[in-house]
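Data block below; observations after.
The values are calculated or read from the model by the stated rules, or taken from the named source; none is laboratory data. Just so it is clear, the model here is predicted, and its values are computed rather than measured. Please note: Cβ atoms are built from the backbone with ideal geometry, for glycine as well, and neighbour counts cover all protein chains shown. Accessible surface is based on the protein model in full, side chains and every heavy atom, while ligands, DNA and RNA are left aside. Shrake-Rupley method; radii C 1.70, N 1.55, O 1.52, S 1.80 Å.
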Amino acid sequence: MKTLSLSFIGFGNVGRSVARVLLDKKQFFKERYGIEFKTVSITDSSATVWDEEIDLREALMVKENLGSLSKWTNDYEVFDLKPIDVVREVESDIVIDVTNDLNAHVWHLQALREGRSIVTSNKPPLAFHYRELTHEADRRGLSYKFEATVMAGTPIITLLQESLKGDRIKRIEGVFNGTTTFILSRMERGESFEEALRKAQELGIAERDPSGDINGVDAGYKATILHCVAFEPITLEDVILKGIGGITRREVMEARGRGNTIRLVAKIEKGNVIVEPREIPRNSPLAVAETQNAAVIKTDLLGELLLRGAGAGLKETASGVVSDMIRASKI
């Protein structure tokens with residue numbers, strides 16, 4: 001039996017969902033893969049809890065009942081550590097980053113230099129520092145896994161990295177942002193942009209500040225990462241971005257009258273990435289609804305491959321993170 005130690009950085013909704021999967025499937029992972037995971041540190045925005053092994057079930061109770069790890073003082077010592085301090089000082093095999101830290105590449109690199117593999121759902125580090133991060137991991141024989149950065153747990157990254165080794169990717173087109181799809185779907189029912197956005201926020205689909213989704217940056221991050229994987233490293237600055245903020249209900253209804261629909265579509269070709277609202281036929285594989293994502297991957301040998309699935313959701317994102325942890329365990 002192989003035991004791998006984990007450091008969680010981020011213990012919000014996604015981090016806690018990953019923790020629940022580890023608890024619920026502990027026996028399954030033992031039987032199928034011969035591995036056990038033990039958590040040695042958890043960091044949220046208030047504090048770090050660090051010990052030889054942390055009870056994840058208790059950690060969930062503390063976080064959900066008390067709101068922050070800093071209040072967990074009965075059983076564990078609580079430390080005031082920044083992520084860079086955690087990756088330097090806490091001995092762990094895998095660092096799990098489920099934050100939205102825009103500067104996380106700094107401590108990702110430090111973790112790799114300390115001999116720790118990385119599993120992350122955090123997009124900006126890869127959208128700006130892909131080459132540096134993956135080179136450092138390869139140089140040290142470590143894992144740097146990021147399936148959950150694009151399409152949650154739908155395995156587009158692994159597909160591109162592992163399953164199409166004999167194919168030359170020609171083009172990827174996709175709808176990668178569930179919030180904009182939800183808003184545009186509601187507008188097709190006659191709602192205004194503002195009404196649809198408000199509903200998305202009420203359901204927890206859109207953030208309190210939805211600008212990253214509305215202006216196309218989130219989809220741009222994902223398109224950048226896919227270009228890096230399928231072709232060569234670029235950064236978000238190389239992507240042409242246009243969001244859905246200017247789309248009116250009239251435009252949506254006129255497109256519907258023509259048998260079409262408007263979606264925020266990313267087109268990814270070697271050296272050329274564009275994210276913009278496009279009018280597409282309603283029978284297009286990209287004409288997804290609600291929060292679904294879809295990608296059409298065109299290769300020289302396979303032709304067109306359609307990948308469709310949830311692009312958001314806690315369980316779905318946790319699926320991508322945990323699958324990466326298992327893959328990282330094979331290093």
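Pairs needed: first member in the stretch 229-251, over 30 Å from residue 162 (Cα atoms); second member anywhere, modelled with pLDDT of 95 or more and of a type in the set (S, T, N, Q); C-beta distance under 7 Å; at least 6 residues apart or different chains.
Correct list of pairs: 243/215; 244/180; 245/215.
Could you tell me which numbered condition residue 100 fails, if it satisfies all but one of (1) within 24 Å of the chain's Cα centre (by Cα); (2) over 27 Å from residue 319 (Cβ atoms); (3) in a loop (DSSP other than H, G, I, E, B)?
Only one criterion is unmet by residue 100, namely (2).
Would you tally the residues in the stretch 112-169 being part of a loop (DSSP other than H, G, I, E, B) and open to solvent by 50 Å² or more (accessible area, probe 1.4 Å)?
Qualifying residue count for the region: 5.
Of the conditions (1) under 20 Å from the mean Cα position of the chain (by Cα); (2) closer than 30 Å to residue 2 by Cα, residue 233 clears all except one; give me its number.
Unmet for residue 233, out of (1) under 20 Å from the mean Cα position of the chain (by Cα); (2) closer than 30 Å to residue 2 by Cα: (2).
Looking at the stretch 90-105, which of its residues are in contact with a helix residue (DSSP H, G or I) (Cβ under 6 Å, 6 or more places away or on another chain) and surrounded by fewer than 17 Cβ atoms within 10 Å (Cβ to Cβ)?
Matches in the stretch 90-105: 102 only.
If you take just the strands (runs of 3 or more DSSP E) that sit entirely in the stretch 269-331, which of them hold at least 3 residues that are of a type in the set (D, E, K, R) and at pLDDT 95 or above?
In the stretch 269-331, 272-281 are the strands (runs of 3 or more DSSP E) which contain 3 or more residues that are of a type in the set (D, E, K, R) and at pLDDT 95 or above.
Can you pull out the helices (runs of 4 or more DSSP H) entirely within the stretch 170-264 that have at least 2 residues that are modelled with pLDDT of 95 or more and closer than 25 Å to residue 298 by Cβ?
Those helices (runs of 4 or more DSSP H) span 178-188, 217-230.
Pull up the stretch 22-67, narrow it to residues that are assigned to a helix (DSSP H, G or I) and open to solvent by less than 40 Å² (accessible area, probe 1.4 Å), then point me to the one that is nearest to residue 3 (Cα to Cα).
29
Here's a check for you: in the stretch 236-292, which residue that is of a type in the set (Lys, Arg) and within 18 Å of residue 151 (Cα to Cα) is least open to solvent (accessible area, probe 1.4 Å)?
Ranking the candidates gives 263 first.
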